[in-house]
Each structure stands twice: as structure tokens, then as C-alpha cells.
Amino acid sequence: MRPSARVQAAIEILDKVIEAARSQGAPADRILADWSRGNRYAGSKDRRAVREHVYAAIRACGEVPSSGRAAMLRVAEEEPELAALFDGSQYGPAAIAEGEAVADGGVAPEWIEDRLIAADIPEEEAAALLGRAPLDLRVNTLRADPDTLGLPEEAEQLQVPNALRLPAGTQVEQWPAFRDGLIEVQDAGSQTACLAVGAQPGELVIDLCAGAGGKTLSLAAAMRNEGTLIACDTDRGRLSRLAPRAERAGAEIADTVLMNPGKEMDALTGWVGQADAVLVDAPCSGTGTWRRNPEARWRLSPGELLRLVKLQERLLGIAAQLVKPGGRLVYVTCSLIDEEGAGQVDRFLAANPRFHTETLQLPLGRPRGKGIRLTPHHDGTDGFFIASLSCT
């Protein structure tokens, strides 16, 4: 493909990404994958270039653009070499017309930027939410010794125990260490959230929103497969991916519990007042994960944020019923919006006087409300809010 044809392909893909964002359709990664399958003539360099154009445009536009062309023109304003590719050639984009509409820049839609400002996320810190994330690994201590583990590429050791960092795009899935379960791909912020649980051998620990089990596997390693670890979720597809991952990692999961949305307690009655620790890694707006999913900020609406806040509140109420006296509830969101973090914890504590805040001693993060906040700008991780609440 000619460079100009790559730009035109990116514009056409962006049109689909924009429409999908408006209609809650397929994510950008899937749309790109579909394009690759339907255009076999495009070589690996072409696919990589098109992908880079698409994500550069997504990151460059705060509000949802009117079109893929307007989004790409936003990038072209900052990159003269890209603007030159709007040359009107056979497979390239039409030449840029005088006064042609260009998408607005910015970090996010204005109403989200307002929420970030209210949460004391300044412009520089907010901009870092759109950088490209590195690849973080967790050494699986059930299978490997961090001091003797050998990898094909040298990795940076992080402040978080057993955490390593490699450049974005490193193909670790092809490494024997990955296939044999010696390492797991897990952001250092996510690993820090698991540290906050303080899971110990012999405890009963419940991962209430386990998903595909990334944090569950980290908890199993912390417990050294001694005790009772229970993984719960309402998503059958995601929860089904935990078993093969656990087998590869050598992690022992006592039970996986598929819950009925809205009737979660029906599946959890046997553990009421029994858990030493409950992790609530709650569904959230994902503002802290824009480095990986930048188009997610185009999909969020005030109504959806309100729905998520109410869901988080309900999940905290469920978790509170499972914690035994002297146990702990660890609340985590990958969001930097206070309604989902510090404000959510304040509301919970006001409604649940049996619980009080525990001071967290973590290798990363800074205080925010009654918890800890991690950001890409300060910590080099995804954005997280983490709070530990003890039951009396």
C-alpha cells in the first residue's frame, strides 16, 4: 500500500469506530481485526501503519469526531508529513480543502474533563492517560523464582514485588515462560491493587468481580495455594476463561461462582460473614485505562456513569455481608472520577458504621480521600483508586 492509501484506509476504519462508539458497537481493536481479515493484500507493515494512524487519531480527539476524515485532519494539523498524504491520488484521501472541518482536540469530552478537574487531575496528568502503555508482567511465584527467572529480553524491575516491565508490543505470548505459566501479563497498578488485599495463606478470600481472573491468580500466588480462594462473576464467558488460566499458572481456585445479575446473594449465602478478605474490583468507567482503550472515553455518558456508580454501591453492600468481624473489604476501580472512588467509599462508610478505613502501605500511589490513587503520570501504571475497609 502507498502511504496515502494507508491514510485513507485509516479514515474508513475511523468512520466505523466512531459509529460503533455512538451505538455501543464493536471496539476499535475488533474493527481493525475485521479490516485486516477483509484486506489480505495489506502486508504486516501496512497493517501496523494503518493501526498507528487510527489510534493516533483516536487519541488526538477529545469529543467524538464528526467523521474519520475530520479525526485524521486533527492529527495532520500537528504532522505536516501526514497532511502531505492528503494528495487526491487514486487510493489516497482527497486534498484538504480550505476551511475544511477538523475534529476538536482535548483529553476527553468536556463533561468528563470537568469530572477529572473536580478530582484534582490537572491537564498534564490527564494528558498522560492517553499515552501508550508499556507491557507489565507479574512473575508467578507458584511456578517461578523471581531471582532466577530467565527471559528472552531484559525487563525493568519495578517497585512492586515480582513486577517487570517491557516495551509495548513485546510478544511475550510466544515465550516458553508464558506458555509454562511462569509469568502473567498484568499492569503494575493491578498488581498493586492485589497487594492491598493482603491475602495470606490459610485465609478465605473472595474475588467478587473476578472476570477472567487476572487478580484472582495474583491472590492465589500470594496465598501460596493455602486456604480457600473463591472467584465470582456474573459474566459466564469471562469466568469460563479462568479455569485454563489457573491450570497453566498452577493456581488452586476452591470455587468459581456464576452469579445471577441482581440476585448475586442467592449464590453467596454460604459465605455470609465468613470471609477474611473480599476484593471488589468493581465495573467502572475505565477512565484509568484509556492508554489501552482510548475510544472508551467516547462511549461513556453521564447516564452510564450513574448506572455504574449505583452498581458499585450495590456490590459494596453485597461484599459487606460476606466479610467476617476483623476481616477486610478492598475496593478497587480503574477510574479517576471521584464519584466512583473516594466519594463512593465515603458514602459506603456513612451507611455502614461497622467498617472503618485502613491505612494502606503500598509501593505506588498517593492519598486520595480515604484511599490511594495511582495515575500514569505519577506512577507509570493504569489509573486506579484503592481503599481497604476493615470490619469490626
For Leu389, the residues 5 or more places away or on another chain with a placed amide H closer than 5 Å to its own amide H are Leu329, Val330, Tyr331, Glu358
For the chain, the longest principal axis of the Cα atoms and the Cα long axis of helix 44-60 enclose an angle in degrees, to the nearest 10, of 80
Nearest 10, in degrees from 0 to 90: the angle of helix 68-78 to the longest Cα principal axis of the chain is 80
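Dividing the Cα convex hull volume of region 3-106 by residue count, how many Å³ per residue is that?
Values: hull volume 9.5 nm³, N = 104.
That works out to 92 Å³ per residue.
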Projecting the Cα atoms of Gly105, Leu73, Ala26 onto the charge dipole of the chain, where Lys and Arg contribute +1 and Asp and Glu -1 at Cβ, the residue farthest towards the positive end is Ala26
The distance between the Cα centres of region 40-81 and region 110-164, in whole Å, is 25
Listed by chain and number, the lysines with an alpha carbon less than 28 angstrom from that of Lys16, same-chain partners under 8 positions apart left out, are Lys45
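Pop out the Kirkwood hydrodynamic radius of the chain from its pairwise C-alpha distances, inverse of mean 1/r, in Å to one decimal. Show your work: numbers first, answer last.
Details: mean 1/r = 0.0446 Å⁻¹.
By the Kirkwood definition, the hydrodynamic radius is 22.4 Å.
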Checked region 45-187 against the a/c 1.5 cut and the a/b vs b/c comparison, axes a ≥ b ≥ c from its Cα gyration tensor; verdict oblate
For region 372-380, in residue order, the Karplus 3J(HN,Hα) values (coefficients 6.51, -1.76, 1.60; θ = phi - 60°; whole Hz; Gly and Pro = x) are 10, 10, 10, 9, x, 5, 8, 10, x
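Can you give me the accessible area per residue for region 83-156, using a 1.4 Å probe, in Å²?
Per-residue accessible area for region 83-156 comes out at 57 Å².
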Checked region 185-391 with the C-alpha gyration tensor, a ≥ b ≥ c its square-rooted eigenvalues, rounded below a/c of 1.5, otherwise prolate if a/b is larger than b/c and oblate if not; verdict rounded
Taking a straight Cα-to-Cα line shorter than 25 Å from Lys215, and setting aside same-chain lysines fewer than 8 residues away, one finds Lys263, Lys310, Lys324, Lys370
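The values are calculated or read from the model by the stated rules, or taken from the named source; none is laboratory data. These numbers were taken from a predicted model, which means no experiment stands behind them. Note: ideal-geometry Cβ built from the backbone for every residue, glycine included; neighbour counts use all protein chains shown. Keep in mind that these areas ignore ligands, DNA and RNA; they rest on the heavy atoms of the full protein, side chains included. Shrake-Rupley method; radii C 1.70, N 1.55, O 1.52, S 1.80 Å.
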